[in-house]
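Visitor: What follows is a single structure, and I will ask about it in a moment.
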Amino acid sequence: QEQLVESGGGLVQAGGSLRLSCAASGRTFSRYAMGWFRQAPGKEREFVAAVSWSGVNTYYAEPVKGRFTISRDNAKSTVYLQMSVLKPEDTAVYYCAARPLVWSASGKEYNYWGQGTQVTVSS
């Protein structure tokens, strides 16, 4: 079983950068594909990015392509989301999630979730 804890959120001006981290406590982190999702007030949760269990393959939602980078360090049981050129519309609570082996853009297919970290981008 994986427990996930996000960190790194905060307030940043438009055009700025933040790096989110998600630390996992289980012993089988390397067997999980990891995803980042976000939910803005009044909106549905949406897929942001995912990385395969090996870290070789990455996937991004269109709105963040070219601005966000997902990566993982299996030795540290941590997944990262580097966010650059942030826009006010990136404001949301960001969640990391884990599912066995194969990534998915559907949050319903993820087994474990963190508590979320708030990202606020001011204009």
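The values are calculated or read from the model by the stated rules, or taken from the named source; none is laboratory data. As the structure is a prediction and not an experimental result, all values here were calculated from the model. All Cβ positions, glycine included, derive from the backbone under ideal geometry; neighbour counts span all protein chains shown. What goes into the accessible areas is simple: the full protein's heavy atoms, side chains included, and nothing from ligands, DNA or RNA. Shrake-Rupley method; radii C 1.70, N 1.55, O 1.52, S 1.80 Å.
Visitor: Taking a probe of 1.4 angstrom, what is the accessible area of residue 4 in Å², to the nearest 10?
Guide: Accessible surface of residue 4 is approximately 10 Å².
Visitor: Relative contact order (percent) for the chain, with alpha-carbon contacts under 8 angstrom and 6 or more residues of separation?
Guide: 36 percent
Visitor: Determine the gain in length on full extension of the stretch residue 62-residue 23; use 0.36 nm per residue of separation and subtract their C-alpha separation, reporting nm with one decimal.
Guide: 11.5 nm
Visitor: Tell me the accessible surface of residue 5 in square angstrom (1.4 angstrom probe, heavy atoms of protein chains only), to the nearest ten.
Guide: Residue 5 exposes around 80 Å² with every protein chain in place.
Visitor: Please give the length that would be gained between residue 7 and residue 73 if that part of the chain were fully extended, namely 0.36 nm times their separation in residues minus their C-alpha to C-alpha distance (nm, one decimal).
Guide: 22.2 nm
Visitor: OK, next. Going by average Cβ density within 10 Å per residue, which order do the peptides 30-41, 64-75 take, highest to lowest?
Guide: The densest-packed peptide leads the list: 30-41, 64-75.
Visitor: Taking Cα pairs under 8 Å and at least six residues apart, what relative contact order does the range 36-80 come out at, in percent?
Guide: Relative contact order, the range 36-80: 25 percent.
Visitor: Let me ask something additional. Measuring from centroid to centroid over Cα atoms, what is the spacing of the range 87-123 and the range 15-56 in Å?
Guide: Comparing the Cα centres of the range 87-123 and the range 15-56, I get a distance of 5 Å.
Visitor: Tell me which residues come under 5 Å, amide H to amide H, from residue 32 once H is placed; ignore anything under 5 positions away on its chain.
Guide: 101
Visitor: Once you've got the Cα coordinates, tell me which of 65/108; 65/87; 87/108 are over 19 Å apart.
Guide: The pairs that break the limit, which is 19 Å between Cα atoms, are 65/108; 87/108.
Visitor: How high is the relative contact order of the range 1-67, given as a whole-number percent (alpha carbon pairs under 8 Å, six or more residues apart)?
Guide: Relative contact order of the range 1-67: 22 percent.
Visitor: Turning to a different aspect of this structure: Which cross-chain or sequence-distant (5 or more) residues have an amide H under 5 Å from the amide H of residue 91, H modelled 1.01 Å from N in plane?
Guide: Result for residue 91 returns 121.
Visitor: Would you kindly state how much longer the chain becomes between residue 85 and residue 40 on full extension, computed as 0.36 nm times their sequence separation minus their alpha carbon distance, in nm to one decimal?
Guide: Difference between extended and current length: 14.4 nm.
Visitor: Leaving out ligands, DNA and RNA, and with a 1.4 Å probe, what % of the accessible surface on the chain is carbon or sulfur?
Guide: 48 percent
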